[in-house]
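First up is the structure itself, then whatever we jot down about it.
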Amino acid sequence: MEIDFLGQRCRIERRGTDGDFERALGLLRELDGRVDAIGLGGIDIYLRVRDRRFAIKDGLRLAEAVQKTPVVDGSGLKDTLEREAVYYLREAGLLTPGLPVLMVCAADRFGMAEALVECGCDVTFGDLIFAAGMSYPVKSLAELEDLAVKLLPRMAELPFHMLYPTGSAQESVDEKKAALFAPYYRAARVLAGDFHLIRRFLPPGLDGQLVLTNTTTREDVELLRERGAGSLGTTTPELEGRSFGTNVMEALFLAYLGKTWEEATREDYLDLMRRLDYRPRLTYFRGR
Amino acid sequence: MTRLATGEEIAESLKAFCEGYNNNQRLKEMNRDWQRVVLVQATDSQDAFTLDVAGPELSFRPGAPEHPDLKVVAASDILADLFWGDLNPTGPYMDGTLKLFGSEEDIVRLDIISLLIWGS
């Protein structure tokens, strides 16, 4: 599709490989030097926890297959964008001190995690629940960092599909686990984080929770409505009526800025977000 | 040339692993509802052991279990190094010298347990 991005015509294409890693490598080599920027979806290159960065082996292999074109995974923009989204929701009175929040995974969006804690929310980090099925909620950023430092350097070397649903696994709910982990969902008023993970164990019988996530499809929205969510806040900007993943947006930002990933700064992103009049989108399923 | 680890050496390493687990309050809490029977099998000797994960308690015994949920299979020296914490499981798992049979979630959990006992 073609869109107007701050006065420039941009062509955006989605090329999927249904979780096929070798096909993805081939496709990236083919696109190298022929497009202005590439956003990797469904995989991270880096996980950032405060000032530490952990390379995901598979993500890095994909990024290194490309020599000429800037490649991003959305993590740089996510850190900026999702903090801003949380601050916006705080200003709107939707995030208040003490509000119970289930953040399904903080290791892939530490900016959102930090901002939620900054707002005084009572955050449960579900990293071990969602990555390993361990019924162990992490209740502080300090413990989250401690676990990240101990686990991530090695775990990031595992095949990505062992840590995160890829391909068709992204489209289903594990109903058995959904029943097991339902209390974590139901105890929260806000479900935050990656939508593939939120959906993974999404139980029925929610009672009006706000879901704060990245991008959703029409089917995802219907699933949330059917399971009883009250509202949906999506963090990615809307361009000409369409929303794109942070990986696509960050690629678009880099193409517009004419910078590499390393050169682009948080201020660059904040400036573009201001010019786009960025704010998260809110959809209410049950009225305000 | 790699040295064969004896059954006693593997048993010693399993003992250290179980002690590391049983003395770690956080691990016991994390796995309080996890029940698994794990076969530890050396490929270059006849040595086999059973690790019993009963939630907050981990124990081992010589001999193979009848119906393991998870299998850890490698050369004896790798097994001994692994359970002593001298070798991180991710490397040998990725290069194929350590084979783990079971659900991916259980494999990830075993990796987490090892990392939290011995560090990376």
Can you pull the semi-axes for chain B, root of five times each eigenvalue of the Cα gyration tensor, sorted largest first, whole Å?
21, 15, 14
In segment B:1-93 the DSSP beta bridges are antiparallel at a rate, in percent to nearest 5, of 70
What Kirkwood hydrodynamic radius, in Å, does segment A:195-288 give when the mean of 1/r is taken over all pairs of distinct Cα atoms and then inverted?
14.7
Shielding by partners, peptide A:124-136 (average Cβ within 10 angstrom, other chains):
4
How compact is segment A:11-67 by the rule of thumb for globular proteins, expressed as Cα Rg over 2.2 N^0.38 Å?
1.19
Of the peptides A:215-222, B:74-81, A:142-149, how do they stack up when ordered by the mean number of other Cβ atoms within 10 Å, highest first?
B:74-81, A:142-149, A:215-222
Can you tell me the FRET efficiency between B:Ala64 and A:Arg53 if r is taken as the Cβ-Cβ distance and R0 is 35 Å, rounded to the nearest 0.05?
0.25
Segment A:68-221: relative contact order as a whole-number percent, Cα under 8 Å and 6+ apart
21
For the peptides B:90-99, B:15-24, A:107-116, what is the packing order when you average, over each peptide's residues, the other Cβ atoms within 10 Å and list the highest mean first?
A:107-116, B:15-24, B:90-99
Translational diffusion of segment A:1-149, µm² s⁻¹ [Kirkwood Rh, Cα pairs; Stokes-Einstein; 25 °C; 0.890 mPa s]
141
Rounded to one decimal in Å, the inverse mean reciprocal Cα-Cα distance for the protein assembly as shown, i.e. its Kirkwood radius, is 22.7
PRE zone check, label point 7 Å out along Cα-to-Cβ of B:Thr6, amide N under 18 Å, scope segment B:72-108, hits B:76-81, B:84
One would report the antiparallel percent of DSSP beta bridges in the protein assembly as shown, rounded to the nearest 5, as 60
If each residue of separation counts as 0.36 nm, what is the full-extension length gain between A:Ala92 and A:Val149 once their alpha-carbon separation is subtracted?
17.1 nm
Please work out how much length the chain gains when fully extended from A:Arg281 to A:Glu2, using 0.36 nm per residue of separation minus the C-alpha to C-alpha distance, in nm with one decimal.
98.3 nm
Step through the residues of segment A:65-77 one at a time and calculate ³J(HN,Hα) from phi using the Karplus curve (6.51 cos²θ - 1.76 cosθ + 1.60, θ = phi - 60°), rounding each to whole Hz and writing x for Gly and Pro.
6, 10, 9, 9, 8, x, 10, 9, 10, x, 5, x, 5
Using Cβ counts within 10 Å as a stand-in for footprinting exposure, how do B:Asp69, A:Asp127 rank, fewest first?
B:Asp69, A:Asp127
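Readers should treat all values here as calculations from the given coordinates under stated rules, not as data from a laboratory. Since the structure is predicted, the reported quantities are computational estimates derived from the model, not experimental observations. Positions of Cβ are backbone-derived with ideal geometry, glycine not excepted, and every protein chain shown enters the neighbour counts.
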